[in-house]
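First comes the structure, then the notes that go with it.
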Amino acid sequence: MSVFSTVLARDLRLALRQSADSLTVVAFFAIATVLFPFGVGPETNVLARIAGGVLWVTALLAALLSLDRIFAVDFEDGTLDQLVLTGAPLPVVVLAKVCAHWLTTGVPLILVSPILAVTLHLPIAGYVPLVFALLLGTPTVSLVGAVGAALVLGTRRGGVLLSLLVLPLYIPVLIFGTAAVEAALIGRASTPMLSVLAGFMVLALTFSPWATAAALRQAVE
Amino acid sequence: MSVFSTVLARDLRLALRQSADSLTVVAFFAIATVLFPFGVGPETNVLARIAGGVLWVTALLAALLSLDRIFAVDFEDGTLDQLVLTGAPLPVVVLAKVCAHWLTTGVPLILVSPILAVTLHLPIAGYVPLVFALLLGTPTVSLVGAVGAALVLGTRRGGVLLSLLVLPLYIPVLIFGTAAVEAALIGRASTPMLSVLAGFMVLALTFSPWATAAALRQAVE
Amino acid sequence: MVRRMDGGTGEFQAGDFQAGSFSGAGLACRRGGRMVFSGLAFTVAPGGALVLRGANGSGKTTLLRLMAGLTAAVAGQLAWDNRAIDDPDAHAGRLRFIGHLDAIKPALTVAENLRFWMSLWRGESRDTVITDALDAFDLRRLAGFPARLLSAGQRHRLALARLVVAPAPLWLLDEPGNALDESSLAALARAIAAHRARGGAVVVASHGAAFVDGGSTLNLGDFAPTDDAHWSEQ
Amino acid sequence: MVRRMDGGTGEFQAGDFQAGSFSGAGLACRRGGRMVFSGLAFTVAPGGALVLRGANGSGKTTLLRLMAGLTAAVAGQLAWDNRAIDDPDAHAGRLRFIGHLDAIKPALTVAENLRFWMSLWRGESRDTVITDALDAFDLRRLAGFPARLLSAGQRHRLALARLVVAPAPLWLLDEPGNALDESSLAALARAIAAHRARGGAVVVASHGAAFVDGGSTLNLGDFAPTDDAHWSEQ
Amino acid sequence: MHRFANPTQFMRIANAIYPWAAGLSAILFLVGLPVALVTSPPDYQQGETVRIFYIHVSSAWMMMVVYSAMAGGSAAFLIWRHPMANLVAKASAPMGASFAALTLLTGMLWGQPMWGTFWVWDARLTSTLILFFLYLGYLALGDAFEDSERGDKAAAILALVGSVNLPIIHFSVEWWNTLHQPSIIKMTGFTVDGSILLPLFLMLGAFTSYYVAVLVLRLRSELLAAKIRNARMSQVAVNQAAQPAE
Amino acid sequence: MDAILKYLDMGGYAAWVWPAYGLAAVALGGILFFTLRDLKTREREFEALRSARRGGESSL
Ligand code: HEM
Ligand SMILES: Nc1ncnc2c1ncn2[C@@H]1O[C@H](COP(=O)(O)OP(=O)(O)OP(=O)(O)O)[C@@H](O)[C@H]1O
Ligand SMILES: Nc1ncnc2c1ncn2[C@@H]1O[C@H](COP(=O)(O)OP(=O)(O)OP(=O)(O)O)[C@@H](O)[C@H]1O
Ligand SMILES: [Mg+2]
Ligand SMILES: [Mg+2]
């Protein structure tokens, strides 16, 4: 087995052993979304107007929270020292871990998003672009978040600091993600926005593993 | 010095040493709030309509994230074992830690909330009730959150699990907190809602330290 | 340095704590669904020492945490001066427990770390006591440094220095010699001897040196449940 | 059991790795803004052993992490077979590092933990090798247990078992005897002897037993920088 | 490049620049402030509020200059391990954050009389806000480590990642804003008159030279802090070295 | 006097113009103040350390 598949398999296995994990990400997504009707009141038209935005923002926050510990556990128990010392290229290890993260959190988020959209009265035309936008956007979220997660290793309250670092970087994804939904709602094509999201993904895929690896190397120093 | 003041002083000193901490809570609050215009679009009237709700929801999420590690650090480094073994009543220790948490995160949140309200175009009448509602609501948030934080000790991804446990409990605070703001906006008195919030606070103050202490005892077992 | 703890500033007179005997009988403990030991009994007289021995996994740590009241026993009873212990807070107040984790805040200085525990346990913090404790483990030079700068052994010495900032009749030490260099091992032995001279009792889990003269030994291997008890347990 | 590693299944022939000599010269290292040691030189021949000694805080851990390539040196150069090491990944590929942290996943079983490292290092995982490694540290009975159930010493033995799942010419061990009982210490000494017999080199930091026959000793205290070196630093 | 890596060399140049920058800054403020506040005429559209413009634009300019300095310094630090470059980045960041805050606040103070609101989600305002957050992130990250050397590298990586993302953020925001809000408000909506240019350039010059002068002071201060740390630690080292003999 | 008052009124925009300049003064002055303060304390500390070291050396 290659380094990539070994690390991927281990992380997936760990996630399965503690299956509560993906579940809790989904739960946070659901609960944070559901808080909004309580916050802004139950009027259907207001909720429908903000549905796409609220779903995207809460999905970002949920993904972010789960990113928090993507490297932290390995860092604290010494596994990271060993991973840096495998002799294999560190960006490959990073990519495997990010893949595992996306599979165990990004995918479940995408799967439940249509259900939550119902509770926020998202108009029917918005569902397909919402799911596709999430499909193209969440990998970028995982990749960019990994850089942040590696940078905050060893700080107290890494979670909140992480938000400060990466939420500004998520803004482009958020803008094009919601724009894809909005476009569909006013009867325009979502494809331009979706292709921009795909572009971001390629960009993140190219740079993030290297930046993350650099951050991890200085973390174990 | 009493146990209360010893623990309080230590936690405040730790927070000051790492002054970035309160800062990051505020920053999360600000950034999460600021994400909403990107999600729902920059139109003033839409934003003004949802301003109170968004501020409350994001304040809850920010406080929650910072609660995540209120006991976790002490748990991981063995301090919690020692605190349980001081021979002093554990609820007092808990109360001191919660106080320190509120002073270093709740108070800064309250201080910046008016500025964020400006960016969301909250109508002028809403400012005073918003601040008072936060003043009465955030201690409850810290107290209830502490129970959750103690319960999730020793789980991986405590942060997300914590949200799942306590966000539902925050809903009453959220409802009355936003209602206080909304009432002022339509020209009614906010005092009834504010007194309900005060009631929640007293309730939480009475029960939460005991529940938290019990949860901590089982965590060290 | 250690001598000053006995006389000198007068902080650590025998009267500082109420010496007592610590005992247990019929103790059994389960970890992770499996019995670790059962039918275990022990006594430590004032000034006495009990050394816990046993292979890895035989239950030394488990027994120490049970003695501290952190873990609940499945069966059996602990007693202080032959009275059963039923108030865990009162019991906690008369013991010091040093485990595998060192309860040190990296952001505080070495002295601040000690001062916190002293004022928590004694309700006050006196610089002379802190200085004595630092001296006892040769940490005085590091007093002003953030604990994050300490090496493994220095951290462990700081954890041990906690023992002498506030007197208590019972010390529970889990492998206290880990990571210590020779002179620190000697300092630890001196601290234990001084504690016992004042009537304190000590329970030490250790694979190697025991840091105590005399005292009795308890081999945890003798109390392992039979294999059958094991399997029926599940 | 250990004998099988040499012959037996034939997994661990000397040819499994390219033995070499490991050396360093003029090494200096800074931690937290302070020089820990400087002007340090060492050599370990194939089959040789180097024991690091020194008081707590003298820089043993720092030196081991530097040897592993985890920490950067301020000055000096490491060499493998007298060629300067400039590709950290290649160097990492020929060493095994066991530090204070044990890199064990509590949710995986003992065997799964080993298997992960084996397939990471060797690109494959063979049950016979895993079983041999478990036997070498008497962990076979625990193979199916989740690692979170292990005691301190059992965990450390699991970390050590990693050494024998994938051969590598250089072992870097930081206080490997911590928390081990007597029979485990003997197992560790046997594993080190077998490794050296195959031409492997080993560097051990230890306060007590050194687990090695012969070999040279490096006292870190000899390389502590003088005060003046510091002031001219900037 | 490595000539400047030596702190002594670097500081020799910096110290030579310092009196010039400090003097220039003082003169420009002394001349510029009266011009900006008193002698320059009010704008025919904006009236007296145009006086806010002088500091608003100056601080906006500075916040971008300082970020470039920070990103450049971080890159030099990561690529060439150039310690002084990192000190430049580190010493600049609080100033950059202050300039960004000042841009936001003066902009808000201008927005209220001009647009009737403190804040709108205009593209440029929004980008400024995000830049401010990036500054805060850099500061918080550099501060968050127990070990300051670790904080330096982490923050440097962040500064670089941020500089890659800034253009992306800028264009996304622009595009987002035009989609949602068919420009009710455009900031550039006024003709720049000659009478405005003089005070503007004076203030720009004053701000820039102020930054350079204070940067030198901060570099001195940072270097001293490092020396003090080393000196403090070396005392322990000496004692530890003596320890086995005890 | 009137002229001064009229000037200070900034054509009715005093409430915006003066705070803007005030904030600028606070920001720039604040940076300078803290920079100088840190520099001074560090210089003093460094001198103290150096003289302490000299003293220590002579006693050796
Ligand atoms: C919070 C609110 C505001 C923020 C964050 C802000 C931000 C900025 C920034 C970043 C620049 C520099 C652009 C560059 O140099 O390319 C700038 C320039 C400028 N701002 Fe603002 N601004 C705000 C409010 C205003 C208001 C209310 C006005 C006037 C009605 C205004 C008028 C200008 C002008 C005239 C310039 C220079 C013209 C130019 O460079 O194109 N700004 N502002
Ligand atoms: N993470 C760190 N940051 C800053 N300084 C450190 C760090 N770790 C260790 N040090 C310092 O470096 C010096 C050497 O530490 P090191 O851990 O190498 O010592 P050691 O010889 O392994 O000691 P021990 O026997 O206690 O394990 C110590 O004096 C310590 O103050
Ligand atoms: N947290 C835990 N959960 C479940 N089981 C545990 C836990 N900790 C220890 N055990 C089990 O209890 C048994 C006794 O563990 P304990 O830590 O008391 O041993 P020990 O004698 O201290 O060993 P060591 O010498 O290795 O420290 C072990 O076999 C272990 O499997
Ligand atoms: Mg143990
Ligand atoms: Mg060490």
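Each residue in region E:125-154 was checked for being more than 8 Å from chain A (Cβ to nearest Cβ) and modelled with pLDDT of 85 or more, and 12 pass.
Applying the set (1) within 14 Å of chain D (Cβ to nearest Cβ); (2) more than 16 Å from ligand 5 (Cβ to nearest atom); (3) polar (S, T, N, Q) to C:Ser184 leaves exactly one unmet item: (2). C:Pro169 falls short on exactly one of the conditions (1) surrounded by fewer than 21 Cβ atoms within 10 Å (Cβ to Cβ); (2) in contact with a strand residue (DSSP E or B) (Cβ under 8 Å, 6 or more places away or on another chain); (3) not β-branched (Val, Ile, Thr), and that condition is (1). Filtering region A:184-214 to residues that are at negative phi and not hydrophobic (A, V, I, L, M, F, W, C) leaves A:Arg188, A:Ser190, A:Thr191, A:Pro192, A:Ser195, A:Gly199, A:Thr206, A:Ser208, A:Pro209, A:Thr212. Scanning region D:131-151 for residues that are within 12 Å of chain C (Cβ to nearest Cβ), touching a residue at least 24 places away in the same chain (Cβ under 8 Å) and more than 22 Å from A:Leu14 (Cβ to Cβ) yields a total of 2.
When region D:32-48 is filtered for residues that are within 14 Å of chain E (Cβ to nearest Cβ) and of a type outside the set (S, T, N, Q), the ones remaining, listed by number, are D:Gly32, D:Gly33, D:Arg34, D:Met35, D:Val36, D:Phe37, D:Gly39, D:Leu40.
Taking the stated definitions as given, is C:Ser216 touching a Lys or Arg at 6+ places or on another chain (Cβ under 8 Å) and either crowded, with 21+ Cβ neighbours inside 10 Å or away from chain D (no Cβ under 14 Å) (or both)? No: the conditions fail for C:Ser216. When E:Trp110, E:Trp115 are checked against the criterion of being more than 9 Å from every other protein chain (Cβ to nearest Cβ), more than 19 Å from the chain's Cα centre (by Cα) and touching a residue at least 60 places away in the same chain (Cβ under 8 Å), a single residue qualifies: E:Trp115. Once region E:155-171 is narrowed to residues that are more than 7 Å from chain A (Cβ to nearest Cβ) and crowded, with 22+ Cβ neighbours inside 10 Å, the residue that is farthest from E:Arg81 (Cα to Cα) is E:Gly162. Just one residue in the set B:Thr138, B:Thr155, B:Thr178 is among the hydroxyl-bearing types (Ser, Thr, Tyr) and closer than 29 Å to C:Asp89 by Cβ; that residue is B:Thr155.
Scanning region E:37-89 for residues being under 30 Å from D:Val74 (Cβ atoms), aromatic (Phe, Trp, Tyr) and surrounded by fewer than 23 Cβ atoms within 10 Å (Cβ to Cβ) gives a total of 1.
Checking each residue in region C:110-129 for being without any contact (Cβ under 8 Å) to a residue 40 or more places away in the chain, more than 10 Å from chain B (Cβ to nearest Cβ) and closer than 30 Å to D:Ala179 by Cα picks out only C:Ala111. The residues of region D:182-209 that are buried (at least 21 other Cβ atoms within 10 Å of the Cβ) and either among the acidic types (Asp, Glu) or modelled with pLDDT under 90 (or both) amount to a single one, D:His207. If we scan region D:42-50, do we find a residue that is at pLDDT 90 or above, over 14 Å from D:Val203 (Cα atoms) and either more than 16 Å from ligand 3 (Cβ to nearest atom) or not in a loop (DSSP other than H, G, I, E, B) (or both)? Looking through region D:42-50, none of the residues is at pLDDT 90 or above, over 14 Å from D:Val203 (Cα atoms) and either more than 16 Å from ligand 3 (Cβ to nearest atom) or not in a loop (DSSP other than H, G, I, E, B) (or both). Of the helices (runs of 4 or more DSSP H) lying entirely inside region C:68-159, those carrying at least 1 residues that are within 18 Å of the chain's Cα centre (by Cα), among the basic types (Lys, Arg) and on the phi < 0 side of the Ramachandran plot are C:110-122. Only one of the numbered conditions (1) within 14 Å of ligand 1 (Cβ to nearest atom); (2) surrounded by 19 or more Cβ atoms within 10 Å (Cβ to Cβ) is violated by E:Gln112, and that is (2). When D:Gly24 is tested against (1) on the phi < 0 side of the Ramachandran plot; (2) within 9 Å of ligand 2 (Cβ to nearest atom), only condition (2) is not met.
Of the helices (runs of 4 or more DSSP H) lying entirely inside region A:27-103, those containing at least 2 residues that are more than 10 Å from chain B (Cβ to nearest Cβ) and free of Cβ contacts under 8 Å to residues at least 40 places away in the same chain span A:79-84.
Do we find that D:Ala224 is within 16 Å of ligand 5 (Cβ to nearest atom), within 14 Å of chain C (Cβ to nearest Cβ) and either small (Gly, Ala, Ser) or surrounded by fewer than 18 Cβ atoms within 10 Å (Cβ to Cβ) (or both) in this structure? Here the answer is yes, as D:Ala224 does meet what is asked.
Examine region C:141-148 for a residue that is more than 18 Å from D:Thr61 (Cβ to Cβ), crowded, with 21+ Cβ neighbours inside 10 Å and more than 16 Å from ligand 1 (Cβ to nearest atom), and state whether such a residue exists. No, because not a single residue in region C:141-148 is more than 18 Å from D:Thr61 (Cβ to Cβ), crowded, with 21+ Cβ neighbours inside 10 Å and more than 16 Å from ligand 1 (Cβ to nearest atom). Being in contact with a strand residue (DSSP E or B) (Cβ under 6 Å, 6 or more places away or on another chain) and touching a residue at least 60 places away in the same chain (Cβ under 8 Å) is a property that C:Val164 lacks. One residue stands out in region C:63-101 among those that are surrounded by fewer than 20 Cβ atoms within 10 Å (Cβ to Cβ), touching a residue at least 24 places away in the same chain (Cβ under 8 Å) and of a type in the set (Val, Ile, Thr): the one that is nearest to C:Gly177 (Cα to Cα), namely C:Thr71. Filtered by the rule that a residue be more than 8 Å from every other protein chain (Cβ to nearest Cβ) and modelled with pLDDT of 85 or more, region B:1-26 gives B:Phe4, B:Ser5, B:Leu8, B:Ala9, B:Asp11, B:Leu12, B:Val26. Do you know which of the residues in region A:1-26 that are assigned to a helix (DSSP H, G or I) and within 18 Å of A:Val112 (Cα to Cα) is farthest from the chain's Cα centre (by Cα)? Filtering region A:1-26 for residues that are assigned to a helix (DSSP H, G or I) and within 18 Å of A:Val112 (Cα to Cα), the one farthest from the chain's Cα centre (by Cα) comes out as A:Ala20.
The values are calculated or read from the model by the stated rules, or taken from the named source; none is laboratory data. Please read these numbers as outputs of a predicted model, since none were measured by experiment. With ideal geometry, Cβ positions are generated from the backbone for all residues, glycine too; neighbour counts draw on all protein chains shown.
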